[in-house]
Amino acid sequence: MDPLIEGYRKFRAETWPAERARYEALAHWGQSPEAMVIACSDSRVDPQTVFGAVPGELFVVRNVAALVPPYEPDARYHGTSAALEFGVKVLKVARLVVLGHGQCGGVRAMAFGPPPQARDFIASWVEIGRPAVAAAGDAAEGRLGRIEAEVVRLSLRNLLTFPWIADAVSAGRLALQGYLFDVHTGVLARVGPDGLETIE
C-alpha cells in the first residue's frame, strides 16, 4: 500500500472537511502569508509543524542546511533566491525567518565533507557555509552545534546582501529572525548575534 496515497486519503476524509472553507478562501483570494521561512530539507523539521501554522500562513523554501546564498543575479539557477524574490517583492511578507536545526546533515557535510555517493551538487552547495565553519572555531566539543548556529547567522547576513531585502529591513517593512530547533528535545531557540535564547 502506498503510504503517500493513504496519507492523501486520510487528508480527504479527515482534514479536508474541517479545513474546506480555509482552502476555498485561499483558492479564491490567493495567498498572503505573514512570514516566509527558509528551512532545511530534513524530514524531521517541518516549519509548519514547528510553528503550529495552518495552510496559507507560511511561505516556505527548503534546501540543504537552510542556507541562504549571497545575492548573485546572474543567468545560473537560483531556487532559493527566486523564492526570496517572490516572497519579499510579490507577496510582501512582513517576516523572514531562517530555521536551522540540530543534527543537520548539511552542517555535517560542511564540517567533514559530503557523503561520497552525493558529490554532484552538495559539495558546492555547502561551500556557502564555509564562513560559518570558520566562525565556529576548531574546538571539538560542541563544534557541530556551534556550526549549526553560525549557519543561521550567516544566512541572516546573506539575506542583507539582497538590496530589496536590505531596503525593506531599513524601512521597517521586513523583520529578519533566526531560530534553531533541537530535534531531540523539541526546543526552539532564538539565534542572536552572540548566543541562543530558548523560547519558553
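The values are calculated or read from the model by the stated rules, or taken from the named source; none is laboratory data. Quantities reported herein were computed from a predicted structural model and do not represent experimental measurements. Cβ placement follows ideal geometry from the backbone for every residue including glycine, while neighbour counts extend to all protein chains displayed. Ligands, DNA and RNA are stripped out before the accessible areas are found, and what is left, the full protein with its side chains, is counted by its heavy atoms. Shrake-Rupley method; radii C 1.70, N 1.55, O 1.52, S 1.80 Å.
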Taking the residues in the range 18-44 that are more than 30 Å from PRO163 (Cβ to Cβ) and either under 15 Å from the mean Cα position of the chain (by Cα) or basic (Lys, Arg) (or both) as candidates, determine which candidate is least open to solvent (accessible area, probe 1.4 Å). ASP42
Can you work out which of the residues in the range 132-166 that are polar (S, T, N, Q) and in contact with a Pro (Cβ under 8 Å, 6 or more places away or on another chain) is most open to solvent (accessible area, probe 1.4 Å)? THR161
Determine whether the range 65-74 contains at least one residue that is farther than 20 Å from PHE11 by Cβ, in contact with a helix residue (DSSP H, G or I) (Cβ under 8 Å, 6 or more places away or on another chain) and part of a helix (DSSP H, G or I). yes
If I ask for residues that are under 24 Å from VAL183 (Cβ atoms) and either of a type in the set (S, T, N, Q) or in a loop (DSSP other than H, G, I, E, B) (or both), which ones from the range 109-120 would you list? GLY113, PRO114, PRO115, GLN117, ALA118
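Evaluate the following for ILE147: is it of a type in the set (Val, Ile, Thr) and closer than 18 Å to ASP194 by Cα?
Details: of a type in the set (Val, Ile, Thr): yes; closer than 18 Å to ASP194 by Cα: yes.
The answer is yes for ILE147.
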Residue pairs, Cβ under 9 Å, 6 or more apart or interchain, first in the range 161-187 and under 14 Å from VAL68 (Cβ atoms) and polar (S, T, N, Q), second open to solvent by 40 Å² or more (accessible area, probe 1.4 Å) and outside any strand (DSSP E or B). List them. THR161/PRO70; THR161/TYR71; THR161/GLU72
Residue, farthest from LEU174 (Cα to Cα), within the range 64-84, restricted to residues that are of a type in the set (A, V, I, L, M) and loosely packed, with under 15 Cβ neighbours inside 10 Å: ALA75
Could you say whether any residue in the range 113-121 is of a type in the set (A, V, I, L, M, F, W, C), at pLDDT below 95 and open to solvent by less than 60 Å² (accessible area, probe 1.4 Å)? yes
Kindly evaluate SER32 against the criterion of being in contact (Cβ under 8 Å) with a residue 12 or more places away in the chain, among the small types (Gly, Ala, Ser) and in contact with a strand residue (DSSP E or B) (Cβ under 6 Å, 6 or more places away or on another chain). no
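Restricting to the range 156-200, count the residues that are among the hydrophobic types (A, V, I, L, M, F, W, C) and assigned to a strand (DSSP E or B).
Here the count works out to 8.
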Does ALA13 satisfy being assigned to a helix (DSSP H, G or I), at pLDDT 95 or above and open to solvent by less than 90 Å² (accessible area, probe 1.4 Å)? yes
Among the listed residues GLY87, GLY129, GLY100, GLY106, identify the single one that is at pLDDT 95 or above, of a type in the set (Gly, Ala, Ser), part of a strand (DSSP E or B) and open to solvent by less than 20 Å² (accessible area, probe 1.4 Å). GLY100
